[in-house]
Amino acid sequence: MPVVPMKEMLQRALADRYGVAAFNVLNDLSTEAVLAAATEENAPVILQTSVKTVRQYGRDQLFGIFSALVRDVPVPVTLHLDHCPDRAVISDCLAGGWNSVLFDAHELDVAENLRQTQEVVAEARRVGAHVEGEIEGIQGVEDDVGSDEASVLQSLEVAVDFIERTEVDCFAPAIGNAHGQYKGTPTLDHQRVSDLVEATGVPMALHGGTGLSDEQFTDLIARGCAKVNISTALKEAFMRSGLEHLEEARARDKWDPPTLFRHQRAAVVDMARRHIRLFGSSGRAW
């Protein structure tokens, strides 16, 4: 199936109250593994790239990897640029084929964030792409973006005004969630998700998903978190499986890179399938 618009994917998920898993992929192996998991679960999926990964590969090479791997995939896929505060990178990725971006301007005051987000939305519309917005930083550093300091929360009225005036297609609220691993059980403001969806009809994006309980995921998705980001869990599956296999290789003094790749792929596929099933998107491909 060809790449589909993020807005269509998320509006379907919001209407039927399931979550589309959005995985921050690292390279060709993790990308192929996530696509394999989505195919096995017959589920729509969002592939996310960080600014760090775009710069590591270069826009054209990274988009080439994506294009080659999704060509024969039978489920809906969206390519999304995650947490990007740099307008030049936003423009470069939109021009290079990304069909969704998160313009992360939470460090600006709300008025300037709103003004620039309106410009990003207009730019995205010209190439048929969509935009996720946010006005509060999600606590924690992810791929060199973010801060360990909690962001100042805006009122519901300010958030609703931002969503309506920018016409973003998805919104990432701060509800006590955080990037990375939680140091304790997070206390989340579930009602804020319900209030925002009720007021705007716009799907919410849940960041900082790794470490939430199954019950928290299920409740937030039912309230309107149609996009659920998974980054840390993928990195841990990728790295821990690699470490496990390398320790075995050292013990046996047998060094065969393809076996390492197969081991890591299997771990990422298992991780992705588990989250897809939990979010209720299995069998939701069209």
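Any read-out appearing in this document is the output of simple, stated calculations on the displayed coordinates, not a laboratory observation. Keep in mind that what you see is a predicted model, and the values were worked out from it rather than measured. Heads up, the Cβs are rebuilt from the backbone with ideal geometry, glycines too, and the neighbour counts pull from every protein chain shown.
Observations
- Positive-end residue of 230, 207, 193, charge dipole of the chain with Cβ unit charges: 230
- Translational diffusion of region 1-129, µm² s⁻¹ [Kirkwood Rh, Cα pairs; Stokes-Einstein; 37 °C; 0.692 mPa s]: 217
- Over 18 Å [Cα-Cα, region 1-52], rounded percent: 34
- Test item: Cα-centred dipole of region 1-104, Lys/Arg +1 and Asp/Glu -1 on Cβ, debye: 240
- Pairs of Lys residues in the chain are counted when their Cα atoms are under 27 angstrom apart and they lie 8 or more places apart or on different chains; the count is 10.
- Most mobile listed residue (167, 41, 198) in the chain, GNM with C-alpha springs under 10 Å: 198
- Helix-only arithmetic for the chain: the sum of -39500 (n - 2.57) across DSSP H runs with n ≥ 4, divided by the residue total, places the mean residue ellipticity at 222 nm at -16500 deg cm²/dmol.
- Dipole in debye (nearest 20) - the chain, about Cα centre, beta carbon charges: Lys, Arg +1; Asp, Glu -1: 940
- Candidates 176, 224, 64, ranked by Gaussian network fluctuation over the chain, Cα under 10 Å, top entry: 64
- Exposed-loop-free span, longest in the chain, where trypsin sites (Lys or Arg not before Pro) count as exposed if DSSP calls them loop and at most 15 other C-beta atoms lie within 10 Å: 72-182
- Share antiparallel - DSSP beta bridges, the chain, percent rounded to 5: 10
- Among 170, 160, 21 - extreme Cα towards positive end, dipole of region 6-279, charges at beta-carbon: 21
- Fraction of the pair-distance distribution of the chain above 35 Å, Cα-Cα pairs, percent: 13
- Helix 190-200 and the longest principal axis of the C-alpha atoms of the chain enclose an angle of approximately 60°.
- The chain: most fluctuating residue of 105, 15, 38 per GNM, C-alpha cutoff 10 Å: 15
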